[in-house]
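Colleague: Structure provided below as structure tokens; questions to follow.
FYI, it's all coordinate maths here, none of it is from the lab. Note that the structure is a prediction, hence the values are computed from the model and not measured. Glycine also receives a Cβ, built like all others from the backbone with ideal geometry; neighbour counts cover every protein chain displayed.
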Amino acid sequence: MIYLAWLIPVVPFVSFLCLLWMRKAARSLASWFAVAASAITFGLTLAVFFASFQQGTFTQEWSWLTIGSIDITFGVLLNPLNSLMLLLVSFISFLIHVYSMGYMKGDSRISVYYGYLGLFTSAMLGLVLSPNLLQFYMFWELVGLGSFLLIGFYFYKNSAKQAAKKAFIMTRIGDVGLLIGLILLFWQTNSLRFTDIYTSITAGQVEAGMVTLIAILIFIGAIGKSGQFPLHTWLPDAMEGPTPVSALIHAATMVAAGVYLVAVMYPLYMASAIALTVVACVGAFTAIYAATIGLVQNDIKQVLAYSTISQLGYMMLAMGVLGYTAGVFHLFTHAFFKALLFLAAGSVIHALHTQNIKEMGGLNKKLKVTSFSFLVGALAISGFPLLSGFFSKEEILAAVWADGQYVLFFVALGAAFLTSLYMFRLYFLVFRGEPKKSLDHIQEAPIGMKATMVVLAIFALGIGYVNTPWFGTFLGDWLTEGASFLTGGHHSSPVWIMLAATIVSLGGIALAYYIYEGKKVDQGNWKQSFSGTYRMLSRNYYIDEFYELTFVKGTRGLGMAFHYIEMYVVSGMMDMIQGFFFSIGKTGSKTQNGQTQTYGAVAFLGLVLFMAFYIWKGGY
Amino acid sequence: MGLLSFLVFSPLIGFIVFCFIPKKEQTFIRNSAVVLHALPLLASGLVLFQFLDHASLAEKINWITFEIGEKVLGLHFELDVDGFSLVLILLTTLIGFLAVITSTWHINKDNRLFYQLMFLLQMGILGVFAADNLFLFFIFFEITLVPMFFLISKWGGTDREEAAFRYVIYNGLGSMILLIGIAAIFVLAGSTNYAEVQHYFAENGNPTLQLGLAFAFLLAFGIKLPIFPFHSWMVKVHVHAPPAVVMIHAGVLLKIGAYGLIKFGVGFFPDAFDSLAILIAVLGLFNLLYGAYLAFVQEDLRSVFAYSSISHMGIVLLGVSALNTAGIQGAIFQSVSHGLIAAMLFFLVGSLLARTNTTLLKKLSGLARLTPLLAGFFLAAALANLGLPGMSGFVSEFTVFLGIFKEMPILAAIGTLGIIMTVVYMLRAILNMTYGTYKSTYGEVQDLKASEVVPAVVLLICIIGIGVYPNAIGHMLQLTIETILGIGG
């Protein structure tokens, strides 16, 4: 079975080709076809997962590009980390496929939608299976393509066009960092195979400065993909895509690929304390920075987008403080509860046709399943005791403390507090209180959408138990077993950290209740007195405006400068050359004046010259 | 007559047949043009099989010999192919064939003459790549200039005469320098056969002289490639020549520049090129960024693609300047890849022009609504052009950067800015045109017909084929690159 691992990304890719080829003809069957393909993919993944569970690490490679004595290969690799990711990706992709049947019903371009979804799934699975950094990079760009196509799915909307373009460019900036990093790494280790890289790095064959440089360059790639500061601005805009896409790509899988990249290249980071610190600081800063913005957004998907950025920062922070297991664990739990939150939000949007939370309210009476699912997701992400997010967050906090990064610890605690605050602001405003509009015509989502939400809710409730201090650290043990470079396993954390995390989480929920449910605070008054701060937060700290003024204008300015060089300098020179040939022609034609005297004179002059030359050389 | 001679002169059959077809038989002319252009395509396929079979394809007919003192100098009719030239020959016959198919839809004036010139052009290009000595190379090189001049000046757009004029002046200048270089080599080495010339300069020749010759070749082929500041002719041709002709111009003709630089420049004068490496790298970097930034501010789709070509030729130069296996292989890959992509882009431009009658970006918007196929292919070509993995552009860019990072890391790092800029300008141009709200200024346009999809699909399959399995070409090139770099040979 394990030899069929290469088929896993091929199946959704074939589905992509078929759906694009047939397009209109397949409209009525497109969703069934795509769901079947993703079910097959998931089935294959399960089979391969269990096979790799028994057999351990597995590699298969084919020659791809020969450059002189260099041989670059293509293939598949299975180890604990990536078979876990494989399972996660194909499972959530399958659920999203099912959910989309209801959500995208009636869309005239549904075959294209499912085609793109297949392309993305295929690329993401290919990325996870990569045995070397170049193949990883290639699929890394291809998942970006899937993301780009789906963000711009509603291509006729100008905002979607801009968002898609922005996502591609911003992530490309990060990708260039990764590309430089991988090329430098290649010339250091003479291989791009992960196992060879690990060996060279752990054996200390690469000098320390170079390791740091490469690690940071590769991290720039992760910054771009995982929406970390300062390359995060594309992710909120990416919410222009259909909501199931936001759940799959911009919450559960692709954006987590940056964290996954750091996990895959972990030996490199372990070899450089500076690089680790950079990762931790960027992560912690992003976590709290995005959380503050999430507090004031009024678009339900925007809040979730900033929440995703913040949670990804959390994972990065874990990676940066040697909390490898904690980071991967949080990636895992986050995928479930954030996908759940997005799907619940999608269900709300599907029912109300608006994304503005100021126009919502009291939905728990009508949308019971959605409301329950959202509550579970919100509790999980807030780190409510005994839900999945609780365990993974606690593990991260413990790792930060154990690494001695006390400042970052309190930053992380602050971010956790803000997380439960903005999540429950969302919950209370959307599902509780009085409806802003009549809810008579509002209907709960169709069965397919409800079923997926319930499945995800169950996972969001229970998935944390794969790695708890009380019932065993299965996940941690398994990951450590597969990665020999990891030294310590689980941190035995002090009990007070768990207590602190709980207090912070409950505190945030309580404050949200106090403000938004209890209406104990005059919000209008607040906005007045903190108008500057409010505007700054709601405008994302003016980062977009800053980029517009500097990079966008700068690029255009340089382009125009070259344009003037082209117009005046280059074409001036052009005219000179042209003029030169013209004048030769003119002079030449003047000699053809029909006067025999002139011809005679020229001929005589020529003869003289020949004679002179002949005499000078003394015969030939 | 050998297979290679047949390949090179097969377009001549079409030329002669066309002399006897009455001008009025429009449909017949179009159909037979396509059929007759399939001849070189088939012949090149046979050549490929022979080559893969390791059969010798070399041909030699003694032509001119003269004695000066004790030296016997000869100019002969010699043809041969190696991996590099064969790949370019296949590119030529494929793109030539597709360009003729495209022409049958878009060219409505003086059909017979048009296709006759296309036949001549095809013969010239095939000769350039199949020649095995510099003298023959030069003759065929000159043959390409003449039909191209008429194709631009007679069938081009608004500014066609100016474009044709610039084309001839710049290329004439390049030819002059090339001729001087070739003459000097002939006098020194007593032969113009590639292998003999390479052998001669490996043993003799003083460094200054070699440097001078290397510089002459750099200049001559730099104009063709083109290198800044000799590029303005090429922008004119891109914008004002008929799109079907630009498919050949951008797809194949510019590659003669890369071919000459690598095969003659690097091949004959490796030491001189080594000392010129920094210069070439800086020129390449400048081409790459200058073209990219200019492409970003263009208002006409065709100018965007023209500057994009300049930018991508900068990558060829960067690869050449690396002077290692990866760099040279990357430069060759980039030549082939850009040929396919440029041909696809200009095929699509032709289809677009036939529908909207304009390529001005501000007049185009939301095309994906009515013409999803055309928009989809434009997007695919744009993605190929910006070096998306899984397509040929990525392989070439990666290989070039792999090579150049080893030799000049700082310069290469600056060059990666170009990788970002291609995304910026390609997406700006393509999304402006295909995404957004539909503007109905050009009425209800029809999407691509089933037959019109064929050239785009063929090119896309080649682009993706190379991107997914680059060794398909890579294996053919290994020996050639070793010969060029003088490794083991």
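Colleague: Roughly what would the spin-label model give for A:L609 and B:K109, points 7 Å off Cα along C-beta, in nm?
Modeller: Distance between the two pseudo-spin positions: 4.2 nm.
Colleague: Hey, another quick one. Check which residues have an amide H placed less than 5 Å from B:L323's amide H, if you skip close sequence neighbours.
Modeller: Close amide H contacts, sequence-distant or interchain: B:I328.
Colleague: Here's another thing I want to ask about it. Under a crude label model (7 Å from the Cα following the beta-carbon direction), how far is A:K586 from A:F530 in nanometres?
Modeller: Computed distance between label sites A:K586 and A:F530 equals 7.7 nm.
Colleague: Can you tell me the 0 to 90 degree angle between the C-alpha axis of helix A:368-382 and the longest principal axis of chain A, rounded to 10?
Modeller: 80
Colleague: Now for a separate question. Calculate, in whole percent, how much of the Cα-Cα pair population of the range A:1-139 lies beyond 24 Å. Intermediate values should be presented prior to the final figure.
Modeller: Numbers: 3331 of 9591 pairs.
That fraction is 35 percent.
Colleague: Tell me which GluC sites (Glu not before Pro) from the range B:1-95 have a DSSP coil assignment and no more than 10 other beta carbons within 10 Å of their own. Can you show the working numbers first?
Modeller: Values: sites: B:E25, B:E59, B:E67, B:E70, B:E78; in loops: B:E25, B:E70.
The qualifying sites are B:E70.
Colleague: Between A:F582, A:I220, A:S38, whose Cα lies farthest towards the positive end of the dipole of chain A when Lys and Arg beta carbons carry +1 and Asp and Glu beta carbons carry -1, centred on the Cα centre?
Modeller: Comparing the listed Cα positions along the dipole, A:F582 ranks first.
Colleague: Please give the net charge around B:V423, taking every other residue with its beta carbon less than 14 angstrom from that of B:V423, where Lys and Arg add +1 and Asp and Glu add -1. Mind showing how you got there, number by number?
Modeller: Details: positive: A:K165, A:K166, A:R172, B:R428; negative: A:E141, A:D175, B:E397.
Here the count lands on +1.
Colleague: Let me ask something else. Please report the spacing between the Cα centers of the range B:1-61 and the range A:388-404 in Å, no decimals.
Modeller: Answer, in whole Å: 72.
Colleague: Mind giving me the FRET efficiency for B:D447 and A:N158? R0 is 25 Å, r the Cβ-Cβ distance, nearest 0.05 is fine.
Modeller: Values: r = 23 Å, r/R0 = 0.90.
Efficiency at R0 = 25 Å is approximately 0.65.
Colleague: Quick one: helix A:30-55 against the long Cα principal axis of chain A, what's the angle to the nearest 10°, folded into 0 to 90?
Modeller: Roughly 80 degrees, rounded to the nearest 10.
Colleague: Tell me what the protein assembly as shown gives for mean residue ellipticity at 222 nm when only DSSP H runs of n ≥ 4 count, each as -39,500 (n - 2.57), the sum divided by the residue total, rounded to 500 deg cm²/dmol. Please list the in-between numbers first.
Modeller: On the way: 47 runs with 796 residues, N = 1109.
Only helices count here, giving -24000 deg cm²/dmol.
Colleague: Select from B:N432, B:A295, B:S337 the residue farthest towards the positive end of the dipole of the range B:276-489; place +1 on Cβ of Lys and Arg, -1 on Cβ of Asp and Glu, and compute about the Cα centre.
Modeller: B:N432
Colleague: Give me the net charge of A:Y547's neighbourhood, meaning all other residues with Cβ under 14 Å from the Cβ of A:Y547; Lys, Arg count +1, Asp, Glu -1. Walk me through the numbers before you get to the answer.
Modeller: On the way: positive: A:K165, A:K166, A:R539, A:K553, A:R556; negative: A:D237, A:D544, A:E545, A:E548.
It works out to a net charge of +1.
Colleague: Working from Cα positions, state the angle (0 to 90°, nearest 10) between the long axis of helix B:409-434 and the longest principal axis of chain B.
Modeller: That helix lies at roughly 30 degrees to the long axis.
Colleague: Computed FRET efficiency, Cβ-Cβ of A:D71 and A:R27, R0 45 Å: what is it to the nearest 0.05? Please report the intermediate quantities before stating the final value.
Modeller: Working: r = 45 Å, r/R0 = 1.01.
Calculated transfer efficiency: 0.50.
Colleague: If you plug each phi of the range A:265-270 into the Karplus form 6.51 cos²θ - 1.76 cosθ + 1.60 with θ = phi - 60°, what whole-Hz ³J(HN,Hα) values come out, in order, with x for Gly and Pro?
Modeller: Once rounded to whole Hz, the list reads 8, 4, x, 4, 6, 5.
Colleague: Compute the signed sum of charges (Lys and Arg +1, Asp and Glu -1) over the other residues within less than 12 Å, Cβ to Cβ, of A:V400. Could the numbers behind the result be given before it?
Modeller: On the way: positive: A:K393; negative: A:E394, A:E395, A:D403.
It works out to a net charge of -2.
Colleague: Checking the table A:K338/A:K527; B:K60/B:K109; A:K161/A:K358 against a 32 Å threshold on Cα-Cα, which pairs fail?
Modeller: Cα-Cα > 32 Å for B:K60/B:K109; rest within.
Colleague: How about the range B:402-486: which trypsin sites (Lys or Arg not before Pro) there lie in a loop by DSSP and see at most 11 other Cβ atoms within 10 Å? Don't skip to the answer; put the middle values down first.
Modeller: Working: sites: B:K406, B:R428, B:K439, B:K449; in loops: B:K439, B:K449.
Loop-located and lightly packed - B:K449.
Colleague: Output ³J(HN,Hα) for the range A:305-313: one whole-Hz value per residue in order, computed from phi by the Karplus curve 6.51 cos²θ - 1.76 cosθ + 1.60 with θ = phi - 60°, and x for Gly and Pro.
Modeller: Each residue of the range A:305-313 in turn: 5, 5, 4, 4, 4, 4, 5, 5, x Hz.
Colleague: Between the range A:138-164 and the range B:402-426, how many Å separate their Cα centres?
Modeller: 24
Colleague: Using the Cα centre of the range B:276-489 as the reference point, and only Cβ charges (+1 on K/R, -1 on D/E), how large is the resulting charge dipole? Debye, rounded to the nearest 20.
Modeller: On the way: 9 positive and 8 negative charges, 98 e Å.
That gives the range B:276-489 a dipole magnitude of about 480 debye.
Colleague: Could you work out how much longer the chain between A:K437 and A:E517 gets when fully extended? Use 0.36 nm per residue separation minus the Cα distance between them, nm to one decimal. Before the final figure, lay out each step's value.
Modeller: Details: separation 80, 0.36 × 80 = 28.80 nm, distance 1.80 nm.
The span from A:K437 to A:E517 would gain 27.0 nm if fully extended.
Colleague: Calculate the length of the line joining the C-alpha centroid of the range A:515-583 to that of the range B:318-370, in whole Å.
Modeller: 28
Colleague: Kindly provide the chymotrypsin sites (Phe, Trp or Tyr not before Pro) of the range B:11-52 that DSSP labels as loop, not H, G, I, E or B, and whose Cβ sees at most 10 other Cβ atoms within 10 Å.
Modeller: Values: sites: B:F15, B:F18, B:F20, B:F28, B:F49, B:F51; in loops: B:F20.
Answer in residue order: B:F20.
Colleague: What is the distance, in nm, between label points placed 7 Å from the Cα along the Cα-to-Cβ direction at B:V72 and at A:T57?
Modeller: 6.6
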